[in-house]
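S.K.: Quick one: this structure, given as structure tokens, is what I'll be asking you about.
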Amino acid sequence: GVREVRTERARAVDSAAMGARLQYRRRHAYATKSNKTRVVRTPGGVLRKAYVKKPANGVRCKISGRTLPGISHVRPTLLKNMSRREKTVNRAYGGCLAHDVVRDRIVRAFLVEEQKIVKKVLKLNQVKK
């Protein structure tokens with residue numbers, strides 16, 4: 001029936017794709033990282049090479065090295081067309097550092113200030129005695 005015809009056609013595409021010798025469609029003639037292709041069957045039934053884009057890496061925290069959530073993974077050329085909302089997170093160091101790194105910095109700064117105040121108070125107490 002219809003299903004058998006489809007499977008035969010799919011098999012024909014697979015076998016043709018496996019052994020098909022197709023030309024690159026652009027002037028770049030070497031099988032490099034930036035010139036990856038896959039075989040695609042067009043609606044007209046022609047096998048043709050389709051160019052595959054590189055997968056995008058996510059933005060990473062500069063200190064912890066983890067991928068930052070909330071920021072879309074896109075190639076650098078697409079970043080210029082995106083809105084600011086898609087490229088950052090609304091927080092101090094948003095889009096640069098992970099949340100826990102920022103929190104640790106804030107806590108550390110607070111504790112350093114507290115320590116300075118404690119030292120000052122102890123010094124005043126010693127002067128009074």
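The values are calculated or read from the model by the stated rules, or taken from the named source; none is laboratory data. The structure presented is a predicted model; accordingly, all values stated were derived computationally and were not measured. Here the Cβ positions follow ideal geometry from the backbone for every residue, glycine too, while neighbour counts run over all protein chains shown. In case anyone asks, the SASA skips ligands and DNA or RNA and just uses the protein heavy atoms, side chains included. Shrake-Rupley method; radii C 1.70, N 1.55, O 1.52, S 1.80 Å.
S.K.: Mind listing whichever residues of the stretch 59-71 are closer than 11 Å to residue 89 by Cα and either in contact with a Leu (Cβ under 9 Å, 6 or more places away or on another chain) or modelled with pLDDT of 95 or more (or both)?
M.R.: 68 - this is the single residue of the stretch 59-71 that is closer than 11 Å to residue 89 by Cα and either in contact with a Leu (Cβ under 9 Å, 6 or more places away or on another chain) or modelled with pLDDT of 95 or more (or both).
S.K.: Which helices (runs of 4 or more DSSP H) does the stretch 60-129 wholly contain that include 2 or more residues that are open to solvent by 100 Å² or more (accessible area, probe 1.4 Å)?
M.R.: 84-87, 99-128
S.K.: Taking the conditions exactly as written (of a type in the set (Val, Ile, Thr), closer than 30 Å to residue 105 by Cβ and at pLDDT below 95), does residue 42 satisfy them or not?
M.R.: For residue 42, the condition - of a type in the set (Val, Ile, Thr), closer than 30 Å to residue 105 by Cβ and at pLDDT below 95 - is not met.
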